[in-house]
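What follows is a single structure, written as structure tokens, with notes after it.
The values are calculated or read from the model by the stated rules, or taken from the named source; none is laboratory data. Just so you know, these numbers come straight off a predicted model, no measurement behind them. Cβ placement follows ideal geometry from the backbone for every residue including glycine, while neighbour counts extend to all protein chains displayed.
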């Protein structure tokens, strides 16, 4: 019997925005600030952009690129890691530019937001543990950054400390209103939130945005373009059906040659109408194949799996995941090899 595709979505449903920032490059003529990323997204560290600033100051939502990769009143940018184990390994948070620490909080517990009771518990402290840094006056404006959802007891700076770009200020955690491991950061100009990709404040019509005014450094922007909008954040093989929570906490049981044998993939930022095709290729050809129905709404996270209870034959196996949008394969991902 084949395992069919299953999925799980979080409450914060978003639209996929891959490719919308492909043309962004920092303008050499701009005399404004340049911010690095608050996490060292280099080498093998798998950083992904989950949410953008909500530019709509009314009851609607609008990300800076005229999509819905945000949620109501979101005042920052979320850069996530795939799972909690990755957070524990790579979760150092660093200052995005030189500045002076103006505030810290480090006492809130690490706890995933899963219930309505959690939401009430975080009210007024949605940021959780965090750090605020003033970067001074640059090109006639005052800039500051704020970092949220840091681990309890991890903050290494105090109010009044001077920090340099790249200095460690703490570690990523699960404090405040968070459903997955990420750093939420906000950049403010003269006290008002601005989108770092475009340098524009909330309330600006997305159609009029000049993307040459990004606040990111060229390396930071290049890194986000290279990996930040990729759809598959984690995939692998298991001994049975897999859901998003298992992936998040790292509770995946590896397969054995006795079976079952399952391939799974977790996606972020999918659009209404998207569907996923998965298959497993082995020494005797195709071992298993499955395809989802088109999504009935946008989804922030989506976990799919395919497999069989039949024991796999000895040999090499690969999983493949494809995202289909408007009848076209817009992303194809192949797993690492699994051998029996």
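Checked against (1) within 22 Å of residue 321 (Cβ to Cβ); (2) modelled with pLDDT of 85 or more; (3) assigned to a loop (DSSP other than H, G, I, E, B), residue 41 passes all but a single condition, namely (1). The single residue among 272, 293, 310 that is assigned to a loop (DSSP other than H, G, I, E, B), within 16 Å of residue 241 (Cα to Cα) and out of contact with any helix residue (DSSP H, G or I) (no Cβ under 9 Å at 6 or more places or on another chain) turns out to be 310.
Only one of the listed residues (273, 244) is under 19 Å from the mean Cα position of the chain (by Cα) and either surrounded by 13 or more Cβ atoms within 10 Å (Cβ to Cβ) or more than 25 Å from residue 46 (Cα to Cα) (or both). That residue is 244.
The set of residues in segment 160-193 that are in contact with a helix residue (DSSP H, G or I) (Cβ under 7 Å, 6 or more places away or on another chain) and assigned to a loop (DSSP other than H, G, I, E, B) comprises 176, 177, 180, 181. Might you check whether a residue that is assigned by TED's automatic domain parsing to the domain that holds residue 70, over 16 Å from the mean Cα position of the chain (by Cα), modelled with pLDDT of 95 or more and over 20 Å from residue 50 (Cα atoms) occurs anywhere in segment 224-238? No, segment 224-238 contains no residue that is assigned by TED's automatic domain parsing to the domain that holds residue 70, over 16 Å from the mean Cα position of the chain (by Cα), modelled with pLDDT of 95 or more and over 20 Å from residue 50 (Cα atoms).
Being assigned to a loop (DSSP other than H, G, I, E, B) and either in contact (Cβ under 8 Å) with a residue 60 or more places away in the chain or at positive phi (or both) is a description that applies to residue 110. Take the conditions over 19 Å from the mean Cα position of the chain (by Cα) and crowded, with 23+ Cβ neighbours inside 10 Å and apply them to residue 268. Does it pass? No, not satisfied.
If you take the residues of segment 70-95 that are in contact with a helix residue (DSSP H, G or I) (Cβ under 8 Å, 6 or more places away or on another chain) and part of a loop (DSSP other than H, G, I, E, B), which of them is surrounded by the fewest Cβ atoms within 10 Å (Cβ to Cβ)? The residue in question is 82.
Can you name every residue in segment 132-146 that is within 24 Å of residue 106 (Cβ to Cβ) and touching a residue at least 60 places away in the same chain (Cβ under 8 Å)? Listed by number, the residues that qualify are 135, 143, 145, 146.
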